[in-house]
Amino acid sequence: MKGFASDNYAPAHPQVLAAVAEANTGHAVAYGADPWTARAEALLREHFGEQAVSFLVFNGSAANVLCLRALCRPWESVICAAQAHINVDEGGAPERIAGVKLQAVPTLDAKLTPEHVEWQLGRLGDEHAVQPRVVSVSQSTELGTRYSPYELSALAHFAHERGLLLHVDGARLANAAAALDVPLRAIATDAGVDAVSFGGTKNGLMLGEAVVFCDPAYADGVRYLRKQTLQLASKGRFLAAQFVALLEGDLWRRNAAHANAMAARLAAALGDLPGVRLTQPVQANGVFALLPPGAAAQLQRDWHFYTWDEATGEVRLMCSWDTTEDEVDAFAAAVARICASAPLGQ
């Protein structure tokens, strides 16, 4: 199964497993009233600001749904990129479970700008139309692109001026921060973000994400919403112990930086091959590319990865914390052999 299909395929990091084993001693109060959860919440405040309020949940879709439930009223909507995970990969959960309409905006790079948001605000105050409330962006995006602190600040400022809030789907927030060489809060709290779904599963955890309200005003009642959304873990210490391992040192950054470096190595190896075209800038741990006709099918006999766009043949190659240089080089060599044997002009 080793390949470039998804950072979700990677195992849990040994330090994370060790932290879970260490927490598996004796009895502890259930539902998060335990020392591990208290420590995890303190670490999340260290990384996102002393005012931040956090809630641990099982998975990323739930983190996003919980954020949107907390931030929106029933007649309000969420503006997102058409490629956003909440729009294409969550089975309609934001609309079915959170009960909010998504206003999906087509973009070339899966990123929103203030101009994109402005186009969706034409009917503010019109009782016949859904009312925009949240701008939701992915960091990094589903196409591997990322927002700079300046871009996020501009979006937050624009949103706040119009009475909107900014949510970040940060399933790969660590990858973006590592690539930008900034602390997590620089692309969250310090940029004016109101709420973050902070990912752990794609960066070395067994399972678990954190919902972080950078502005505590929006955390009121979320503990009830978490229970109602079926995301309150009875044995919360095992979720929390993983976040302690991830955040107490620099494991979150080391894991993410390694995955990013492997993606950069892969992009460099593929970029000059005849018949290969990188379709997006490589800014985190994903590489998107067009290969020679038929190459993907040949490669997929030995390597696991996804064809991202069936219409164009674009493939997605994801690197993770445990991707090795040898794996990158072996895959690139396999692509090179196919390219060398491809008919001229293809």
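The values are calculated or read from the model by the stated rules, or taken from the named source; none is laboratory data. The model shown is predicted, which means the values in this text are computed figures rather than measured ones. Note: ideal-geometry Cβ built from the backbone for every residue, glycine included; neighbour counts use all protein chains shown. Surface accessibility is based on the protein's heavy atoms, side chains included, excluding ligands, DNA and RNA. Shrake-Rupley method; radii C 1.70, N 1.55, O 1.52, S 1.80 Å.
At a glance:
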item	result
Filter result for ALA23 (in contact with a Lys or Arg (Cβ under 9 Å, 6 or more places away or on another chain) and over 29 Å from GLU90 (Cα atoms))	yes
Residue in region 161-173 that is open to solvent by 50 Å² or more (accessible area, probe 1.4 Å), touching a helix residue (DSSP H, G or I) at 6+ places or on another chain (Cβ under 9 Å) and either under 26 Å from VAL222 (Cβ atoms) or at pLDDT 95 or above (or both) present	yes
Yes/no for ALA63 being touching an Asp or Glu at 6+ places or on another chain (Cβ under 7 Å) and on the phi > 0 side of the Ramachandran plot	no
Selection count where residues are without any contact (Cβ under 8 Å) to a residue 12 or more places away in the chain and not aliphatic (A, V, I, L, M), scope region 325-337	2
Residue within region 194-202 that is open to solvent by 30 Å² or more (accessible area, probe 1.4 Å) and either over 30 Å from THR25 (Cβ atoms) or aliphatic (A, V, I, L, M) (or both) present	no
Identity of the residue in region 276-297, in contact (Cβ under 8 Å) with a residue 60 or more places away in the chain and in contact with a Lys or Arg (Cβ under 8 Å, 6 or more places away or on another chain), that ends up farthest from HIS258 (Cα to Cα)	PHE288
Criterion (surrounded by fewer than 18 Cβ atoms within 10 Å (Cβ to Cβ) and either among the hydroxyl-bearing types (Ser, Thr, Tyr) or touching a helix residue (DSSP H, G or I) at 6+ places or on another chain (Cβ under 9 Å) (or both)) met by exactly one of ARG277, ARG253	ARG277
Qualifying residue in region 12-32 (condition: under 15 Å from the mean Cα position of the chain (by Cα), over 23 Å from PHE213 (Cβ atoms) and open to solvent by 60 Å² or more (accessible area, probe 1.4 Å))	no
Filtered residues of region 287-314 (kept if open to solvent by less than 40 Å² (accessible area, probe 1.4 Å) and of a type in the set (Phe, Trp, Tyr))	PHE288, PHE305
Residue in region 94-107 that is under 26 Å from ALA259 (Cα atoms) and open to solvent by 10 Å² or more (accessible area, probe 1.4 Å) present	yes
Test result for LEU266, closer than 20 Å to LEU207 by Cα, assigned to a helix (DSSP H, G or I), open to solvent by less than 40 Å² (accessible area, probe 1.4 Å) and at pLDDT 95 or above	no
Subset of region 211-242 [on the phi < 0 side of the Ramachandran plot and assigned to a loop (DSSP other than H, G, I, E, B)]	CYS214, ASP215, ASP220, THR229, GLN231, LEU232, ALA233, SER234, LYS235
Residues (surrounded by 20 or more Cβ atoms within 10 Å (Cβ to Cβ) and among the aromatic types (Phe, Trp, Tyr)) located in region 47-85	PHE48, PHE55
Lone unmet requirement of (1) under 15 Å from VAL57 (Cα atoms); (2) touching a residue at least 24 places away in the same chain (Cβ under 8 Å) for MET262	(1)
